[in-house]
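K.L.:
Once you've had a glance at the structure underneath, I'll fire off some questions.
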Amino acid sequence: MNEQLFFAEYSGSKHIELDEQDSRHCYKVLRKKAGDTIQITDGKGNAIRGVLLETTPRRCVAEVREIVEMPLPAYTLSIGVGMPSHPQRLEWMLEKLTELNVTNIFLLKTERVQPLHYKQERLNKIIISAMKQSLQFYMPALEIEKPLSAFTDFFHTFKEDERQGLSGSCDKAAPALKTVFEKNKKNYFALIGPEGDFTESEERHISSSGFYPISLSNNRLRTETAAISIVNGIHLQQ
């Protein structure tokens, strides 16, 4: 599918309405008019084909003609990341993690993270934009300002024989991803520390929770670079 993908909440009714931003793009940029077909996703795996009934710069309404439930990915990939201290870097990271088909994103408030307050609504908009741009139908779930234990607890809600946890390490003696990676798991979990990395007590908690430390590079990576690296590395091992 090469055409524009829109996002809209879908309640199961015969009609679906784009938000003001997508309506403006549909009307002013794409110059869609009543009778034209558009493709929409609700971020829950539904590919919705609609025919426009009403088009204005602020409101576009379509009649739902077809709904196709897209297949789930072969595995889930969840990442917990120490919250970057620069908003632009955080937003770039969320965009790229979405493009790389991450299932769950936890922004962790670890011991070395400076207190920052991000608005979930704005971050969700960035994720939605990246989801549409990369033509995906499943929206990553975002959790912000969560403790490290929230991510390790989430890890333990999955069956032990169906999961693997991997943690990026600054220790150059740590093994490479390919030497410890276990194929054919249903759920993968990745941890990346903040600037300054995890503290010793956090490292002990991560290790006792069942995560393997891995080296991602011979160079020191920024948090957002390490996050992209570990996610892409997991995909490439499949």
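K.L.:
Calculate for the chain the 222 nm mean residue ellipticity that helices alone would give, adding -39,500 (n - 2.57) per DSSP H run of length 4 or more and normalising by residue count, nearest 500 deg cm²/dmol. If you can, show how the numbers build up before the last one.
P.N.:
Working: 7 runs with 67 residues, N = 238.
About -8000 deg cm²/dmol.
K.L.:
GNM, the chain, Cα, under 10 Å: largest mean-square fluctuation among Pro87, Pro213, Pro140?
P.N.:
Top of the fluctuation ranking is Pro87.
K.L.:
Now, a different point. Tell me, Kirkwood radius of the stretch 1-76 from alpha-carbon pair distances, in Å? Intermediate results must be reported in sequence, preceding the final value.
P.N.:
Details: mean 1/r = 0.0797 Å⁻¹.
After inverting the pairwise mean of 1/r, the radius is 12.6 Å.
K.L.:
Right, here's the next one. How are the alpha carbon pair distances in the stretch 140-214 distributed across 5 Å bins from zero to the largest one, expressed in percent?
P.N.:
3, 14, 26, 26, 19, 10, 1
K.L.:
I've got another one for you. Mind listing the long-range amide H neighbours of Glu54? Cut-off is under 5 Å, sequence gap 5 or more, other chains count too, H placed in the peptide plane at 1.01 Å from N.
P.N.:
For Glu54, whose amide H was placed from the backbone, the distant partners under 5 Å are Val61.
K.L.:
When the dipole is taken about the Cα centre of the stretch 5-69, and only Lys, Arg (+1) and Asp, Glu (-1) are charged at their Cβ, what size is it in debye, to the nearest 20? Could you put the intermediate results ahead of the total?
P.N.:
Values: 11 positive and 11 negative charges, 66 e Å.
Magnitude of the dipole: close to 320 debye.
K.L.:
Next up: Can you give me the Rg/Rh ratio for the stretch 97-185, using Cα atoms for both radii and the Kirkwood formula for Rh?
P.N.:
Ratio of gyration radius to Kirkwood radius: 1.00.
K.L.:
Moving on to the next point. About its Cα centre, what dipole magnitude does the chain give when the only charges are +1 on Lys and Arg Cβ and -1 on Asp and Glu Cβ, stated in debye to the nearest 20?
P.N.:
Values: 30 positive and 31 negative charges, 120 e Å.
Here the chain has a charge dipole of around 580 debye.
K.L.:
Give me a comma-separated list of calculated 3J(HN,Hα) values for the stretch 52-60, in order, Karplus coefficients 6.51, -1.76, 1.60 applied at θ = phi - 60°, integers in Hz, x for any Gly or Pro.
P.N.:
5, 9, 9, 9, 9, x, 10, 8, 10
K.L.:
Once you have the Kirkwood Rh of the chain from its Cα pairs, apply Stokes-Einstein at 37 °C and 0.692 mPa s and quote D in µm²/s.
P.N.:
171 µm²/s
K.L.:
What does the convex hull of the alpha-carbon atoms of the stretch 70-142 project to on average, in nm²? The partial results should precede the final answer.
P.N.:
Numbers: hull surface 19.5 nm².
That works out to 4.9 nm².
K.L.:
What residue among Lys96, Lys44, Lys132 has the largest mean-square fluctuation in a Gaussian network model of the chain, using Cα springs under 10 Å?
P.N.:
Lys44
K.L.:
What does the extension gain come out to for Ala173 and Arg222, with contour length at 0.36 nm per residue minus their alpha carbon separation? Walk me through the numbers before you get to the answer.
P.N.:
Values: separation 49, 0.36 × 49 = 17.64 nm, distance 1.88 nm.
Taking Ala173 through Arg222 to full extension adds about 15.8 nm, to one decimal.
K.L.:
Which shape class, rounded, prolate or oblate, goes with the stretch 179-231 when its Cα gyration tensor gives a ≥ b ≥ c as root eigenvalues, a/c under 1.5 marks rounded, and past that a/b bigger than b/c marks prolate? All intermediate terms of the calculation are to be shown ahead of the outcome.
P.N.:
Numbers: a/c = 1.94, a/b = 1.18, b/c = 1.65.
Because a/c hits 1.5 or more and a/b fails to exceed b/c, the stretch 179-231 counts as oblate.
K.L.:
Follow-up. Please compute the net charge surrounding His205, taking Lys and Arg as +1 and Asp and Glu as -1 over other residues with Cβ under 13 Å from its Cβ.
P.N.:
Details: positive: Arg204; negative: Glu111, Asp153, Glu200, Glu202, Glu203.
Within the 13 Å Cβ shell, the charges total -4.
K.L.:
Quick one: of Lys44/Lys186; Lys132/Lys178; Lys96/Lys132; Lys159/Lys185, which pairs are farther than 22 Å apart, Cα to Cα? If you can, show how the numbers build up before the last one.
P.N.:
Values: Lys44/Lys186 19 Å; Lys132/Lys178 31 Å; Lys96/Lys132 12 Å; Lys159/Lys185 10 Å.
Cα-Cα > 22 Å for Lys132/Lys178; rest within.
K.L.:
Can I ask one more? Rounded to the nearest Å, what's the spacing between the alpha carbon centres of the stretch 106-166 and the stretch 181-238? Just the number, please.
P.N.:
14 Å
K.L.:
A follow-up question, please. Full-extension gain between Thr157 and Trp92, please, as 0.36 nm times their residue separation minus the C-alpha to C-alpha distance.
P.N.:
Values: separation 65, 0.36 × 65 = 23.40 nm, distance 2.93 nm.
20.5 nm is the gain from fully extending Thr157 to Trp92.
K.L.:
If amide H atoms are built 1.01 Å from N in the plane of the peptide, which residues on other chains or at least 5 residues away come under 5 Å of the amide H of Thr76?
P.N.:
HN-HN under 5 Å from Thr76: Asn187, Tyr188.
K.L.:
What's the whole-number percent of alpha carbon pairs in the stretch 49-111 lying beyond 19 angstrom? Intermediate values should be presented prior to the final figure.
P.N.:
On the way: 1129 of 1953 pairs.
I get 58 percent for the Cα pairs in the stretch 49-111 exceeding 19 Å.
K.L.:
Taking the Cβ-Cβ separation of Lys14 and Gln120 as r and a Förster radius of 45 Å, what is the calculated FRET efficiency to the nearest 0.05? If you can, show how the numbers build up before the last one.
P.N.:
Numbers: r = 31 Å, r/R0 = 0.68.
Rounded to the nearest 0.05, the efficiency is 0.90.
K.L.:
Provide the net charge surrounding Asp22, with neighbours chosen by a C-beta distance below 15 Å and charges set as Lys +1, Arg +1, Asp -1, Glu -1.
P.N.:
Result for the neighbourhood of Asp22: 0.
Every number in this text was worked out from the coordinates using simple rules, so none of it is lab data. Quick caveat, the model's predicted, so the values are computed rather than measured. Here the Cβ is made from the backbone with ideal geometry for all residues, glycine too, and neighbour counts use every protein chain on show.
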